[in-house]
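Q: The structure under discussion is supplied below as structure tokens; questions concerning it will follow.
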Amino acid sequence: VSIDVSALLANEVIPALNAATAADLVFWTAAELYQFADDAVKEAARRSLIFVSVAPLALAIGAGDTALPAGTVAVLAAAFANLPLRAATVAEIEALDDNWEQTTGPPAKWLEDAGITVVRTYPAPSVAGTLSVVLQGFPSAPISAGNTAIEAPAPFAGYLLQAMLGRARGKQSDAMMPEIADHCAQREGIYRQIFTQYWGAGE
Amino acid sequence: MTFAIIRSLVLQRLDENTSAPESWTLAEVNAAINEAQMFLVLLTLCLENKVTFNLAANTVFYDPFAQVSDWIVPLRVRSANVKVRPAKMAELDALSSTWRTETAPAVKRYGTRGFALLYTYPVPSGSGQTLELTYAQSPAVMVNDGDVPQIPEQHHPALADYGIYRLRQKLGGSEFQKGLPLFASFIESAKQLGAFVRARSLDQRYDTLPVELAKLDISRALKIRKDLLPAKQETPSVD
């Protein structure tokens, strides 16, 4: 199922901001409101394990740092040629092998602190193969007027609604309502607590 | 109660004309009531459904939304009439290093990560294998006047409470403050329903239980910070 953020905006957010259409908005733009939704998606995705995906990464012989897909927050698990790898830190591998960056062989571990946007195995693969990584992340394409669909359970729309309304009402303007902004922030927090209880904490 | 009756209740209690309100559109009222039902269901997992979930040959990972559009979380999985136990990936790694490629005629373990990742062990060797999947479902969006909320009828008044509170958000200040007791009333209703569903889910040995509302920090959403309210206009003193 996809939540259509444009429908949410048109049917609920814009009327709640006392306008009939996006063109009638005085203190905000539609682009700003989409940005508020995108910010909220990323915040929820960072704090909770809600957007989890599997990505196959092709590793060549001796592959070092390999770029992770856009939108990755953290690697949760990895397998090379369908065999699970154990997580390890660079410090652990350095203690094990002085020449670890050049060592090749069947990968047995993946380095969880190789870098924010990369992953690598130890040893580096001696044969080319696929590293299958399970990723915590967020949708790689930001929510915008040109990208309004987000795959999530239908009640997630309520979270996006509160996020857009609260951030809009927190913006400095004649239509600012700090009490509503604060309340919506509390509601966002309740949603994120629920996400964490059902799907687990992130990072 | 039908959708139309709940909408009328909301508008009457807002002192509005039930067919042509002035301060809100009918679409806004409808959206607030639908949002109420969605939120109540998320809090309580009170709606469930059972489907046949198709597995593909040599496939470990699935996107449940591809087959179940109203998916929230799994409650119980059965394969070949036997309960499939949930397992974390780390547990499967410990169980067998070749779990991602082992095949068998029936699934023994399953797990989910995030909204949309479901995995099974062992994997089917051929096509045609299925799971009996019981899951917490999202309610259908109510559109027609005669639509009836899917949540238990004794909780339908809570949808009106939430609807009024939500519509008052637009007004801000003390007008919004007047709606907060209704949000508290809605949460009380959710607590009752959630406790009932939780007890039932424990009896049924479901794999996912509703959130423990008592453990959620809701209190700050039930009141308004006085320092954020708009200042009252000063009235000139009459001496």
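Bear in mind that the values in this text are calculations on the coordinates, not laboratory data. Everything numeric in this text was worked out from a predicted model, so none of it was measured. No Cβ is skipped: glycine too gets one built from the backbone with ideal geometry, and neighbour counts run over all protein chains shown.
Q: How far is it, in nm, from the label point at B:Thr130 to the one at B:Arg13 when both lie 7 Å from their Cα along the line to the Cβ?
A: Roughly 4.3 nm, to one decimal.
Q: Tilt of helix A:178-199 relative to the longest C-alpha principal axis of chain A, in degrees (0 to 90, nearest 10)?
A: The angle comes out at about 40 degrees.
Q: So, one more: Hull surface divided by four, with the convex hull built on the Cα atoms of segment B:1-53: how many nm²?
A: Values: hull surface 20.1 nm².
Mean shadow area of the hull around the Cα atoms is 5.0 nm².
Q: For B:Gln129, which sequence-distant residues (separation of 5 or more, or a different chain) have an amide H within less than 5 Å of its own amide H, given hydrogens modelled in the peptide plane?
A: Long-range HN contacts for B:Gln129: B:Leu55.
Q: Students often check this: by mean Cβ neighbours within 10 Å, which of A:8-14, B:81-87 ranks highest, and how do the rest follow?
A: Details: A:8-14: 21.9, B:81-87: 14.3.
My ranking of the peptides, most packed first, is A:8-14, B:81-87.
Q: Which whole-number percent gives the relative contact order of segment B:8-129, counting Cα pairs below 8 Å spaced six or more residues apart?
A: Values: 133 pairs, mean separation 31.7, N = 122.
This gives 26 percent for segment B:8-129.
Q: Hey, another quick one. Please sort by residue number the GluC sites (Glu not before Pro) in segment B:151-239 whose DSSP state is loop and whose Cβ has at most 14 other Cβ atoms within 10 Å.
A: For GluC sites (Glu not before Pro) across segment B:151-239 that sit outside H, G, I, E and B with at most 14 neighbouring Cβ atoms in 10 Å, the list reads B:Glu212, B:Glu234.
Q: Let me ask something additional. If I take R0 = 56 Å and measure r between the Cβ atoms of B:Ala57 and B:Glu188 in this structure, what FRET efficiency does the formula 1/(1 + (r/R0)^6) give, to the nearest 0.05?
A: Working: r = 50 Å, r/R0 = 0.89.
Given R0 = 56 Å and the Cβ-Cβ separation, E is 0.65.
Q: Charges only on Cβ, +1 for Lys and Arg, -1 for Asp and Glu: so what's the dipole of chain B about the Cα centre, in debye to the nearest 20?
A: Working: 26 positive and 25 negative charges, 195 e Å.
I would put it at about 940 debye.
Q: In addition: Quote the relative contact order of segment B:84-186 in percent (integer), defining contacts as alpha-carbon pairs under 8 Å separated by 6+ residues. Before the final figure, lay out each step's value.
A: On the way: 92 pairs, mean separation 17.2, N = 103.
Worked out over segment B:84-186, it gives 17 percent.
Q: Across peptide B:33-44, how many C-beta atoms of other chains are within 10 Å of each residue C-beta, on average? Please report the intermediate quantities before stating the final value.
A: Values: counts 0, 5, 7, 1, 1, 7, 9, 1, 3, 10, 3, 0.
Across B:33-44, the average partner-chain Cβ count within 10 Å equals 4.
Q: With unit charges on the beta carbons (Lys and Arg positive, Asp and Glu negative) and the dipole taken about the Cα centre of the protein assembly as shown, which residue among B:Ala4, B:Ala31, A:Val26 sits farthest to the positive side?
A: B:Ala4
Q: Averaging sequence separations of C-alpha pairs under 8 Å and six or more residues apart, then dividing by the length of chain A, give the relative contact order as a whole percent.
A: Numbers: 365 pairs, mean separation 66.4, N = 203.
Normalised by residue count, the contact order of chain A is 33 percent.
Q: Using label points projected 7 Å from each Cα along Cα→Cβ, tell me how many nm separate B:Thr25 and A:Ala10, to one decimal.
A: 1.0 nm
Q: Rounded to the nearest 0.05, what FRET efficiency do A:Ala67 and A:Ala31 have when you use their Cβ-Cβ distance and R0 = 30 Å?
A: Values: r = 29 Å, r/R0 = 0.97.
For R0 = 30 Å, the calculated efficiency reads 0.55.
Q: Still on this model: In deg cm²/dmol, rounded to 500, what helix-only [θ] at 222 nm does chain A give when every DSSP H run of at least 4 residues adds -39500 (n - 2.57) and the total is split over its residues?
A: Numbers: 5 runs with 65 residues, N = 203.
Theoretical 222 nm ellipticity from helices: -10000 deg cm²/dmol.
Q: So, one more: What is the extension gain from B:Arg200 to B:Ala90, computed as 0.36 nm multiplied by their sequence separation minus the C-alpha to C-alpha distance, in nm to one decimal? Show your work: numbers first, answer last.
A: Details: separation 110, 0.36 × 110 = 39.60 nm, distance 2.94 nm.
Length difference between fully extended and current span is 36.7 nm.
Q: What nm value, rounded to one decimal, do you get for the distance between A:Asn18 and B:Ala4 when each label is placed 7 Å out toward the C-beta?
A: 3.3 nm
Q: Let me know the Rg and Dmax you get for chain A when you use only its Cα atoms, in Å.
A: Every Cα atom of chain A included, Rg and Dmax give 21.4, 66 Å.
Q: With only Lys, Arg, Asp and Glu charged, each at its Cβ (+1 for the first two, -1 for the last two), find how big the charge dipole of segment B:39-161 is about the Cα centre; round to the nearest 20 debye.
A: Numbers: 10 positive and 11 negative charges, 154 e Å.
Approximately 740 debye in magnitude.
Q: In peptide B:207-217, how many Cβ atoms from other protein chains are near each Cβ within 10 Å, on average?
A: 3
Q: How far is the Cα center of segment A:112-162 from the Cα center of segment B:51-81, in Å?
A: 21 Å
Q: Return the average number of partner chain Cβ atoms within 10 angstrom of each residue Cβ along peptide A:147-157.
A: Values: counts 0, 0, 0, 1, 5, 6, 15, 13, 11, 5, 7.
Per residue, the average neighbour count from other chains is 6.
Q: A follow-up question, please. So what's the angle, to the nearest 10 degrees on a 0 to 90 scale, between helix B:26-44 and the longest Cα principal axis of chain B?
A: 50 degrees
Q: Let me see the pair-distance distribution of segment A:91-144: every alpha carbon pair, 5 Å bin width, integer percents in order.
A: Bins of 5 Å from zero give 4, 15, 25, 21, 14, 8, 6, 4, 2, 0 percent of pairs.
Q: Can you list residues whose amide H is under 5 Å from A:Val118's amide H, if they're 5+ apart or on another chain and H is modeled 1.01 Å from N?
A: HN-HN under 5 Å from A:Val118: A:Leu68.
Q: Still on this model: Between segment A:167-203 and segment B:116-140, what's the alpha-carbon centroid distance in Å?
A: That distance is 33 Å.
Q: Just to confirm a number: summing +1 for Lys and Arg and -1 for Asp and Glu over residues other than A:Leu83 whose beta-carbon lies under 14 angstrom from that of A:Leu83, what do you get?
A: +1
Q: P(r) of the protein assembly as shown in 20 Å steps, Cα pairs, percent per bin?
A: Histogram of Cα-Cα distances, whole percents per bin: 23, 49, 24, 4, 0.
Q: Projected area of segment B:1-110, taken from the Cα convex hull and averaged over every viewing direction, in nm²? Working shown, then result.
A: On the way: hull surface 40.2 nm².
It is 10.1 nm².
Q: How much mean residue ellipticity at 222 nm does chain B get from its helices, if each DSSP H run of length 4 or more adds -39500 (n - 2.57) and you divide by all residues, to the nearest 500 deg cm²/dmol? Can you show the working numbers first?
A: Values: 5 runs with 81 residues, N = 239.
Only helices count here, giving -11500 deg cm²/dmol.
Q: For the pairs B:Lys108/B:Lys191; A:Lys42/B:Lys88; B:Lys170/B:Lys191; B:Lys191/B:Lys223; A:Lys42/B:Lys83; A:Lys42/B:Lys50, flag any whose C-alpha to C-alpha distance is greater than 29 Å.
A: From the list (B:Lys108/B:Lys191; A:Lys42/B:Lys88; B:Lys170/B:Lys191; B:Lys191/B:Lys223; A:Lys42/B:Lys83; A:Lys42/B:Lys50), the Cα-Cα distance tops 29 Å for B:Lys108/B:Lys191; A:Lys42/B:Lys83; A:Lys42/B:Lys50.
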